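Here's the structure, in structure tokens; my notes come after.
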Amino acid sequence: MHWINFFKKDFLKQAIDRNFLLLTFFSVTYSLFYALNPWKGLQFVVIYACTPPVFYLWGKYMAGIAKKTLTLFYILIAVTFLYSLPAMVSVVLNILEGGFGQLDRNLPMFWGENL
């Protein structure tokens, strides 16, 4: 039950630093550009605003509890692969559909009406 400690006040007091605040500021600023696009909507604002700071805190937490550096490396590589999987599938499907010259690669095609 180590993951419960991720939400404890003691960990958050230690983990929230200047880098976290800068990352949050830039993430929120970047995500607000999606508020102007009615097709993408609020889901993109929330995802782009929350993902980088949460991953930053999660990485700091995992670095603190990992027993071995190699274990931490494999965990972070696995999370990176899983998080990148939808983007990689989107690119492969787009290349199979029309070759390398297409520019309409997008993640919402998996759950939107574009299928």
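Of note:
- Computed on protein heavy atoms with a 1.4 Å probe, the accessible areas place Leu57, Leu22 in the order Leu22, Leu57, largest first.
- When the residues Tyr74, Tyr61, Tyr34 are ordered by accessible surface, computed with a 1.4 Å probe over the protein chains alone, the sequence from largest down reads Tyr74, Tyr34, Tyr61.
- Solvent-accessible area per residue, Å², over region 23-96 with all protein chains present [probe radius 1.4 Å]: 70
The values are calculated or read from the model by the stated rules, or taken from the named source; none is laboratory data. For clarity, every value in this text was computed on a predicted model and none was experimentally measured. Heavy atoms of the whole protein, side chains included, go into the accessibility calculation; ligands, DNA and RNA do not. Shrake-Rupley method; radii C 1.70, N 1.55, O 1.52, S 1.80 Å.
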